[in-house]
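**Q** Sharing a structure here in structure tokens format.
Nothing in this text is a laboratory measurement; each read-out follows from the coordinates by a stated rule. The shown structure was predicted, so the numbers you read here are calculated from the model rather than taken from an experiment. Cβ sites come from the backbone with ideal geometry, for glycine too, and all protein chains shown count toward neighbours.
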Amino acid sequence: MHTPKALPQPSGPPGRLRSSRFLHSFRGYVKYKYLTILFLPAAVYYFIFHYMPIYGILIAFKNYKFSLGVMGSPWVGLDHFRELFALGSFWQVFRNTLILSLYKLVFGFPAPILFALLLNEIRVSFFKRTVQTISYFPHFLSWVVLSGLAIQFLSPSIGPVNILLQMLGFKPIFFMGNAEWFRSVLVVTDVWKELGWGTIVYLAAIAGVNPELHEAATVDGANRFHRMRYVTLPAMAPVITIMLIIAIGRLINDDFDQVFNMYNKAVMEVGDVLSTYTYRVGLENMQYSFSTAVGLFKNVIAFALVLTANAIARRINEYGLW
């Protein structure tokens with residue numbers, strides 16, 4: 001594969017250096033115009049749908065009126081945040097979000113790593129491809145479909161799980177309407193949906209391991225488990241660290257599609273999370289400023305978590321996002 005040569009780096013006084021760097025970057029985009037063309041659709045998408053709407057955070061500091069628009073609505077400062085922190089219902093959904101996200105981190109984060117290690121040890125290529133395909137498939141289904149399957153599968157009357165429980169002499173369990181079981185259902189279904197897709201990243205990291213390391217370990221008498229522990233896992237450490245930082249940044253976030261399609265009034269106490277709370281307050285009750293304040297608070301916490309996790313990771317093993 002042809003590797004493009006690096007362009008010469010500019011040098012000189014600070015003012016001239018900034019201008020030279022701009023011209024240097026521009027010439028790079030022109031020189032590799034086909035790569036630039038491939039990059040443009042993604043750049044345009046993020047600019048239109050992720051950067052242009054940022055001005056909307058002003059709504060969190062205003063008493064937004066649809067007829068007046070964002071700029072015409074009166075300023076209220078931090079009133080919405082004071083109201084937010086004074087509500088007991090907000091801290092309940094905040095607690096639910098953290099608990100559910102921690103469960104998903106503890107059980108969902110290591111699952112694709114272990115699955116990738118196990119898949120890598122399979123030597124029958126046909127069986128390996130079949131398992132990969134089956135595990136990837138749920139990722140491409142929406143939560144509307146998967147939640148319907150889960151509800152039917154866990155039904156207390158016709159669900160296979162409860163039929164099996166009754167055959168074993170146990171009483172049927174209403175998983176979707178029982179507060180003690182609902183969080184477990186959310187965690188298990190999330191792991192089931194994303195297990196195969198998350199494995200792709202770790203399989204790519206495993207593919208980059210130098211085969212000579214495995215050969216040397218084999219000569220030294222290491223078995224498959226030892227090679228997995230002392231060769232494969234250390235080689236995956238940079239990727240695992242980056243994925244862990246991203247996962248920690250998502251602790252304050254939640255999967256709205258999953259929770260919205262599965263929860264009901266019977267499990268609202270443990271299933272209501274920040275995204276569903278924002279949806280109800282913002283769209284159903286039309287309190288747009290208040291719901292924007294909730295979203296802004298959530299994003300600030302997520303950003304702080306990413307910074308903290310990255311700093312800790314760089315201090316421990318020198319790997320990080322930057």
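**Q** Which whole-Hz ³J(HN,Hα) couplings does region 305-315 yield from phi under the Karplus relation 6.51 cos²θ - 1.76 cosθ + 1.60, θ = phi - 60°, glycine and proline marked x?
**A** 5, 5, 4, 5, 4, 5, 5, 5, 5, 5, 6
**Q** Put a dot 7 Å past each Cα toward the Cβ at Ile99 and His214; how far apart are the dots in nm?
**A** With each label point 7 Å from Cα toward Cβ, the separation is 4.4 nm.
**Q** Skipping prolines and chain starts, which residues have an amide H placed within reach, meaning under 5 Å, of the one on Lys62, given they are 5 or more residues away or on another chain?
**A** Val76
**Q** If you filter region 64-152 for chymotrypsin sites (Phe, Trp or Tyr not before Pro), then keep DSSP loop positions with at most 16 other Cβ within 10 Å, what is left? Mind showing how you got there, number by number?
**A** Values: sites: Tyr64, Phe66, Trp75, Phe81, Phe85, Phe90, Trp91, Phe94, Tyr103, Phe107, Phe115, Phe126, Phe127, Tyr136, Phe140, Trp143; in loops: Tyr64, Phe66.
Taking region 64-152 and a limit of 16 other Cβ atoms within 10 Å, the loop chymotrypsin sites (Phe, Trp or Tyr not before Pro) found are Phe66.
**Q** In nm, give the distance between the simple-model label positions of Thr36 and Arg82, each being 7 Å from the Cα along the Cα-to-Cβ direction.
**A** Calculated label separation equals 5.2 nm.
**Q** For region 251-265, what does the Karplus curve 6.51 cos²θ - 1.76 cosθ + 1.60, with θ = phi - 60°, yield as ³J(HN,Hα) per residue in whole Hz, taken in order and with x for Gly and Pro?
**A** Going residue by residue, I get 4, 7, 8, 8, 8, 4, 4, 5, 5, 4, 7, 10, 7, 8, 4 Hz, with x marking Gly and Pro.
**Q** Report relative contact order for the chain in percent, whole number only (criteria: Cα-Cα under 8 Å, sequence separation at least 6).
**A** 23 percent
**Q** Please check: in the Gaussian network model of the chain (C-alpha springs, under 10 Å), which one of Ile246, Ile134, Ile151 has the largest mean-square fluctuation.
**A** Residue with maximal mean-square fluctuation among Ile246, Ile134, Ile151: Ile134.
**Q** In addition: Among the listed pairs Lys31/Lys128; Lys128/Lys171; Lys193/Lys265; Lys65/Lys104, give every one whose C-alpha distance is greater than 31 Å. Kindly include the intermediate steps, with their values, before the conclusion.
**A** Values: Lys31/Lys128 42 Å; Lys128/Lys171 38 Å; Lys193/Lys265 24 Å; Lys65/Lys104 38 Å.
Result: Lys31/Lys128; Lys128/Lys171; Lys65/Lys104 exceed 31 Å.
**Q** What spacing in nm lies between the two simple spin-label points modelled at Ile158 and Ser67, each 7 Å away from Cα in the Cβ direction?
**A** 5.1 nm
**Q** Highest mean first, what order results for 274-285, 34-45 on Cβ atoms within 10 Å? Write out the running numbers ahead of the final one.
**A** Numbers: 274-285: 17.1, 34-45: 10.3.
In descending order of packing, they fall as 274-285, 34-45.
**Q** Which net charge results when you count Lys and Arg as +1 and Asp and Glu as -1 among the other residues whose beta-carbon is under 11 Å from that of Asp272?
**A** Numbers: positive: Arg95, Lys265, Arg280; negative: Asp254, Glu269.
Surrounding charge for Asp272 is +1.
**Q** Something else about it: Note the direction-averaged projected area, equal to a quarter of the hull surface, for the Cα convex hull of the chain, in nm². Display every interim value, and only then the final one.
**A** Values: hull surface 103.4 nm².
Averaged projected hull area, Cα only: 25.8 nm².
**Q** OK, next. What's the ranking of 306-319, 214-227 by average number of surrounding C-beta atoms within 10 Å, highest first?
**A** Those peptides, ordered most packed to least, come out 306-319, 214-227.
**Q** Say a paramagnetic label sat at a point 7 Å from the Cα of Arg123, along Cα to Cβ; which residues of region 195-225 have their backbone N under 12 Å from it?
**A** Under 12 Å, as judged by backbone N against the label point of Arg123, lie 224 of region 195-225.
**Q** When the dipole is taken about the Cα centre of the chain, and only Lys, Arg (+1) and Asp, Glu (-1) are charged at their Cβ, what size is it in debye, to the nearest 20? Numbers along the way, then the final one.
**A** Numbers: 27 positive and 16 negative charges, 219 e Å.
Approximately 1060 debye in magnitude.
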